[in-house]
Amino acid sequence: MKINLRQVPAEGLELSENLMPSDLDIVSKEVVFKKPIEIKAFIEKGINAVTVNARINSEADVFCSRCLAACPTKIDKKFRFVYETDQGQEVIDLAQELREELILDFPVKSLCKPDCKGLCPKCGKNLNLEKCNCKI
Ligand SMILES: [Zn+2]
Ligand SMILES: [Zn+2]
């Protein structure tokens, strides 16, 4: 999501955009987005800085790192960035910040529940759902 600062009037500018995970380079095996990532941003221009108030909405399946179950997760996040702008700078790109905000939302190890028993390393059964007779 790029913002052309010349197009931001004194009273601010509202922008909305739908991005695909691939646009933000956040395609991963652990988090599969089921909808485009909807971004609404309000941009205000100061003398040496630009303030962006943004809200992200989407839905994703987050896979449990122990049992691999998909957990449908709603994403609704608000955040605020302040960019210092150099004289003459015309375009700022929000992609990096959006990516970080989205990735921060998903811990590397996400669990479907805190006490997830995971899969049996021998037979692969989901131990949350059934017991197996393997001796580990
Ligand atoms: Zn799990
Ligand atoms: Zn087993």
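The values are calculated or read from the model by the stated rules, or taken from the named source; none is laboratory data. Given the structure is predicted, the values throughout are model-derived calculations rather than measurements. Quick reminder, even Gly has a Cβ in these numbers, built from the backbone with ideal geometry, and neighbours come from all protein chains shown. Accessible surface is based on the protein model in full, side chains and every heavy atom, while ligands, DNA and RNA are left aside. Shrake-Rupley method; radii C 1.70, N 1.55, O 1.52, S 1.80 Å.
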So if we plug the beta-carbon distance of ASP76 and LYS109 into 1/(1 + (r/R0)^6) with R0 = 25 Å, what FRET efficiency do we get, rounded to 0.05?
-> 0.65
Computed magnitude of the charge dipole of the stretch 1-129 (debye, nearest 20; Cβ of K, R +1, Cβ of D, E -1) | 960
State the answer as a single residue: which of PRO72, ASN18, SER28 lies farthest towards the positive end of the charge dipole of the chain, with beta carbon charges of +1 for Lys and Arg and -1 for Asp and Glu, about the Cα centre.
-> PRO72
Contact order relative to length for the chain, counting C-alpha pairs under 8 Å separated by 6 or more residues, stands in percent at 23
Name the residues whose placed amide hydrogens come within less than 5 Å of the amide hydrogen of PHE106, ignoring near sequence neighbours (fewer than 5 apart) on the same chain.
-> none
With unit charges on the beta carbon (Lys/Arg positive, Asp/Glu negative), name the residue among VAL50, TYR83, ALA60 whose Cα is farthest towards the positive pole of the charge dipole of the chain.
-> ALA60
Name the residue, out of SER22, SER58, SER110, whose mean-square fluctuation peaks in a Gaussian network model built on the chain with Cα pairs under 10 Å.
-> SER22
Would you kindly state how much longer the chain becomes between SER65 and LEU127 on full extension, computed as 0.36 nm times their sequence separation minus their alpha carbon distance, in nm to one decimal?
-> 21.0 nm
Output ³J(HN,Hα) for the stretch 11-22: one whole-Hz value per residue in order, computed from phi by the Karplus curve 6.51 cos²θ - 1.76 cosθ + 1.60 with θ = phi - 60°, and x for Gly and Pro.
-> 7, x, 9, 9, 10, 9, 7, 10, 10, 8, x, 5
Using a basic spin-label model with each label point 7 Å from the Cα along Cα→Cβ, how many nm lie between VAL32 and GLU44?
-> 4.2
With every protein chain in place, what's the accessible area of ASP93 (1.4 Å probe, Å², nearest 10)?
-> 70
Each residue of the stretch 45-61 in order: what ³J(HN,Hα) in whole Hz does its phi give by Karplus 6.51 cos²θ - 1.76 cosθ + 1.60, θ = phi - 60°, with x for Gly and Pro?
-> 9, x, 6, 10, 8, 10, 10, 10, 9, 10, 9, 10, 10, 6, 9, 9, 9
Computed over all unlike Cα pairs, the Kirkwood hydrodynamic radius of the chain in Å stands at 17.3
Can you give the helix-only mean residue ellipticity at 222 nm for the chain, where every DSSP H stretch with n ≥ 4 adds -39500 (n - 2.57) and the sum goes over all residues, rounded to the nearest 500 deg cm²/dmol?
-> -2500 deg cm²/dmol
